1. Going by the structure shown, is Ser79 within 14 Å of the chain's Cα centre (by Cα), in a loop (DSSP other than H, G, I, E, B) and at pLDDT 95 or above?
2. Got a sec? Which of Gly116, Gly107 is within 12 Å of ligand 1 (Cβ to nearest atom) and either modelled with pLDDT of 95 or more or within 13 Å of the chain's Cα centre (by Cα) (or both)?
3. So Asn34 ticks every box in (1) in contact with a strand residue (DSSP E or B) (Cβ under 9 Å, 6 or more places away or on another chain); (2) within 16 Å of ligand 1 (Cβ to nearest atom) but one. Which box is left unticked?
4. Which is acidic (Asp, Glu) and over 20 Å from Asn125 (Cβ atoms), of Asp42, Asp31?
5. Picking from Ile19, Ile44, Ile8, Ile65, which residue would you name as being in contact (Cβ under 8 Å) with a residue 40 or more places away in the chain and not in a helix (DSSP H, G or I)?
6. Can you confirm whether Asp88 is touching a residue at least 12 places away in the same chain (Cβ under 8 Å), within 13 Å of ligand 1 (Cβ to nearest atom) and surrounded by fewer than 17 Cβ atoms within 10 Å (Cβ to Cβ)?
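The values are calculated or read from the model by the stated rules, or taken from the named source; none is laboratory data. The structure displayed is predicted, hence computed values, not measured ones. Because the Cβ atoms are built from the backbone with ideal geometry, glycine has one as well, and the counts that use them run over all protein chains shown.
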Amino acid sequence: PFDINELIRLCVIKNETLITSKNLEIEANFDSENLFVTGDKDSIERVVINLLHNAVKFSNENGKIILETVKNKDKVLISVKDDGIGIDENEQKRIWDRFYKSDKSRGKDKTGTGLGLAIVKNIINEHKQEIWVESEMGAGTKFTFSMDNYKYNIED
Ligand code: ATP
Ligand code: MG
């Protein structure tokens, strides 16, 4: 088990240069001080970093990224929200495919191969957890994934 809040803070610190290069504001809304989850720490760090990289890449200058953890009984929900370009509704199912890049992102930002979310999806599946996206064109995108709450398991 590891502290998911601590892992998220570390991901932000590791990507400080990237974040400040676009003058982005980061807001962290953590449910409680320490929030322990079960899973493979390195893999979950990969998930958070891939989601954070996307949030930065598809944000406009001076945008805001909100990182949130919410305890929900035996689960912890972790979300990465941006106020960037958004993803069209009919493309939202395909973003998980290897090498898929939306029409909008191909025009705006050609960097990347379209593998980040396929890797994320694989890791989440291996953990028998869920991930979903809510997005509106021109308004922003929110990715949320679940983890098992470690403290809940031992108290119960
Ligand atoms: P890579 O991650 O391999 O560097 P990538 O970021 O283009 O490349 P994915 O992370 O797999 O690939 O994302 C797939 C596509 O989903 C992106 O190209 C983009 O079209 C869309 N997408 C992902 N995250 C966001 C986001 N936060 N806002 C807007 N579009 C997004
Ligand atoms: Mg990516």
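1. Working: within 14 Å of the chain's Cα centre (by Cα): yes; in a loop (DSSP other than H, G, I, E, B): no; at pLDDT 95 or above: yes.
So Ser79 does not fit the description; no.
2. Working: Gly107 fails: either modelled with pLDDT of 95 or more or within 13 Å of the chain's Cα centre (by Cα) (or both).
Only one candidate qualifies: Gly116.
3. (2)
4. Working: Asp42 fails: over 20 Å from Asn125 (Cβ atoms).
Only one candidate qualifies: Asp31.
5. Details: Ile19 fails: not in a helix (DSSP H, G or I); Ile44 fails: not in a helix (DSSP H, G or I); Ile8 fails: not in a helix (DSSP H, G or I).
Within the list Ile19, Ile44, Ile8, Ile65, the selection yields Ile65.
6. Details: touching a residue at least 12 places away in the same chain (Cβ under 8 Å): yes; within 13 Å of ligand 1 (Cβ to nearest atom): yes; surrounded by fewer than 17 Cβ atoms within 10 Å (Cβ to Cβ): yes.
Yes; evaluated as a whole, the condition is true for this residue.
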